[in-house]
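The values are calculated or read from the model by the stated rules, or taken from the named source; none is laboratory data. Everything quoted here is computed from the prediction, not taken from an experiment. Positions of Cβ are generated from backbone atoms using ideal geometry, with glycine treated the same way; all protein chains shown enter the neighbour counts.
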Amino acid sequence: MKHASIAIVLILFVCGPVPRVYAQILEGVQPRIGNFASQGGSFYNFISPGSGCELKVSVWGFVRNPGRYNIPCETNLLELMSFCGGPAPGAYLDKVKIMRKGGVDKVNAIEKVFEVDLSKYLELTTKSVVVPELLLWPGDLVIVEGKESTPVDMILRMSQVAVAITSIITATVAVMNMTK
């Protein structure tokens, strides 16, 4: 039993690190450049370079950094996806939903929900096009649907379960050795 536990720990050590879970970024604090908030949702604050006008939007689903964002008023949906670190593996860019709230008198009411096909805007073109469906409004909720079916995701999930099981086994063995 002791040798099996050591072997499992060594195998997990050789297989690589387990992804870290980062703490939430607080309002008013600029995000660091580089690897931050790669797991879970967070709050990101971006200072508007031009007019000083900001709006708050939320992003859920298959993006690299989901969360709530303070973004410049002139930001469109494609730029917001860039703030989020881009789409995560398995994201359906042809089925991005935007839930738009009502006006001032209907703060908690959802005015409309519509679907945007971002994949058609990612094709190379020489035309300049202004698309109203890409413009964001204050309080918008952007939902990027997708499917976690890549082999890398499955390996990561299995390694997380293996680490948890190994930790329990190691703790049990340590307690049993201490009580002898």
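Please go through the range 131-157 and give me each residue that is of a type in the set (A, V, I, L, M) and not in a helix (DSSP H, G or I), ordered by number.
The first filter runs over the range 131-157 and keeps only residues of a type in the set (A, V, I, L, M), leaving 131, 134-136, 141-144, 152, 154-156.
Residues satisfying the conditions are Val131, Leu135, Leu136, Leu141, Val142, Ile143, Val144.
Considering the range 142-159 alone, what residues qualify as being surrounded by 12 or more Cβ atoms within 10 Å (Cβ to Cβ) and at pLDDT 75 or above? Quick ask: steps written out before the conclusion?
Step one: list which residues in the range 142-159 are surrounded by 12 or more Cβ atoms within 10 Å (Cβ to Cβ), which gives 142-146, 148, 150, 153, 155-156, 159.
Of everything in the range 142-159, those that are surrounded by 12 or more Cβ atoms within 10 Å (Cβ to Cβ) and at pLDDT 75 or above turn out to be Val142, Ile143, Val144, Glu145, Gly146, Ile155, Leu156, Ser159.
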Subject >> Residue, surrounded by the fewest Cβ atoms within 10 Å (Cβ to Cβ), within the range 86-99, restricted to residues that are part of a loop (DSSP other than H, G, I, E, B) and either modelled with pLDDT of 90 or more or touching a Ser or Thr at 6+ places or on another chain (Cβ under 8 Å) (or both) >> reply: Gly86
**OP:** Could you please find all residues in the range 139-180 being among the hydroxyl-bearing types (Ser, Thr, Tyr) and over 28 Å from Ser82 (Cβ atoms)?
**Re:** Ser159, Thr166, Ser167, Thr170, Thr172, Thr179
**OP:** Tell me, yes or no, whether the range 116-127 has at least one residue that is loosely packed, with under 12 Cβ neighbours inside 10 Å, modelled with pLDDT under 90, of a type outside the set (Gly, Ala, Ser) and not in a loop (DSSP other than H, G, I, E, B).
**Re:** yes
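If you go through the range 61-69 one residue at a time, do you hit one that is touching a Pro at 6+ places or on another chain (Cβ under 7 Å) and closer than 20 Å to Lys147 by Cβ? Show your work before the answer.
Within the range 61-69, the first condition is being touching a Pro at 6+ places or on another chain (Cβ under 7 Å), and the residues that meet it are 62-63.
Pick out the ones that are also closer than 20 Å to Lys147 by Cβ and you get 62-63.
Looking for residues that are touching a Pro at 6+ places or on another chain (Cβ under 7 Å) and closer than 20 Å to Lys147 by Cβ, one finds at least one in the range 61-69, hence yes.
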